[in-house]
Amino acid sequence: MIKFITFAVKTQLNVHDLNNEAVAGNVTDIRIMEFLDENGERQEAPAVSGRMLKHWHYEGMRNLSFEMELPLCDSCKVGEPVRPAKLNNGIFEHRAAIAEGPQKIVQNCSICDVHGYLAALRAKSKQKGKNEGAEEYEAVSERRTSRAMFSWLMPVISIPSKQIIHSRVKSGIDFKEEKLKSQMPFNKSYASGIYAFVSALDVDRIGLVELNLGTTNAYAVDDRNGRKDRIKVAIEAYRYLISGQLGASLSHALPHGNPLEVLVAYSEQGPLPFPVSPMYSDYISKTVGLMPQNTTLLYWGSGTYEGVTQKNSIDEIFAELLNKVG
């Protein structure tokens, strides 16, 4: 049974707007990051945050979970980031879901299991002589560490982003609300380049509740009641990231994506170190030299390297990973 997987991906993305977090009025600008290239020289170029990549892995898992009929809490069913939650009379109740405890939370939601959650709720108490019958709450601090970990999507080769003007075309009919304008120019930035990201999936801890360690069964969900399906969904969600589904503006600026290299390491014995980033030209040989002896390395791309098993397609990599789940 597979226990730990790492991904190192290099991909070409043309005309994308995957992380547009700088907004001022009708101008939306793409996120720019400073970094050092492999020669140690300072660079500045468009990049996509690891939070964004993690969100889109979450979205891939959410959609696949529907197909596989895996359990989801009410907030994860609709993509609400505050999780877990229970829907009661059209209102999400975060505290009520947390009160069920980690065992029940993991059993009830495959995404809360894999992507974790954080609850930090303040106490609420009655004031003397006031609010008779009002509810009192204790402070709650509860967290589950994500089993899926992501780097930023960083440029290997990039060109400066380009800002262009869009305009909604007026229909000729006015709105009752005077402030609404059907024709409004606005500016957005787009970037192109070759990018890299790394990720790790701690398969062995999917379904695990750490508070149960030392008991006869530390897993809230085990291989007999759906754990393998959760692992398969978590693995399959990476396929969508590699295709370019990993950021903002997908409704109108799908990147012209072209995967270039995928290096996957997996172990059936225990955790692995993170791979060297494909930002660096020698990342494959360094990753091979970094991994312990119990590691299997799979590679898809145009190069030929020692210490890795060459695959003819990305799908062959996913087929082997899924086969190792059983």
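The table below gives the values:
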item: Close pairs from segment 27-48: first of a type in the set (K, R) and modelled with pLDDT of 90 or more, partner assigned to a strand (DSSP E or B) and open to solvent by less than 70 Å² (accessible area, probe 1.4 Å), Cβ under 9 Å, at least 6 apart; result: R42/F35
item: Some residue of segment 305-316 being free of Cβ contacts under 8 Å to residues at least 60 places away in the same chain, in contact with a helix residue (DSSP H, G or I) (Cβ under 8 Å, 6 or more places away or on another chain), under 30 Å from R227 (Cα atoms) and assigned to a loop (DSSP other than H, G, I, E, B); result: yes
item: Boolean, S277 is of a type in the set (S, T, Y), within 29 Å of D37 (Cα to Cα), surrounded by fewer than 18 Cβ atoms within 10 Å (Cβ to Cβ) and touching a residue at least 40 places away in the same chain (Cβ under 8 Å); result: no
item: Selection count where residues are open to solvent by less than 80 Å² (accessible area, probe 1.4 Å) and closer than 22 Å to D229 by Cα, scope segment 68-123; result: 25
item: Among residues of segment 280-304, those that are open to solvent by 50 Å² or more (accessible area, probe 1.4 Å), among the hydroxyl-bearing types (S, T, Y) and assigned to a helix (DSSP H, G or I), counted; result: 1
item: Odd one out for L263, checked against (1) part of a strand (DSSP E or B); (2) within 13 Å of the chain's Cα centre (by Cα); result: (2)
item: Selected residue [of a type outside the set (D, E) and surrounded by fewer than 18 Cβ atoms within 10 Å (Cβ to Cβ)] from G207, G244, G214; result: G214
item: Subset of segment 285-326 (residues that are hydroxyl-bearing (S, T, Y) and closer than 19 Å to D204 by Cβ); result: T295, T296
item: The lone exception for L180 - which of (1) surrounded by 15 or more Cβ atoms within 10 Å (Cβ to Cβ); (2) at pLDDT below 90; (3) among the aliphatic types (A, V, I, L, M) it fails; result: (1)
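The values are calculated or read from the model by the stated rules, or taken from the named source; none is laboratory data. Computed from a predicted model, the values in this text were never measured in an experiment. Note that we place each Cβ from the backbone using ideal geometry, even for glycine, and neighbour counts take in every protein chain shown. Just the protein is used for accessible areas: all its heavy atoms, side chains included, with ligands, DNA and RNA removed. Shrake-Rupley method; radii C 1.70, N 1.55, O 1.52, S 1.80 Å.
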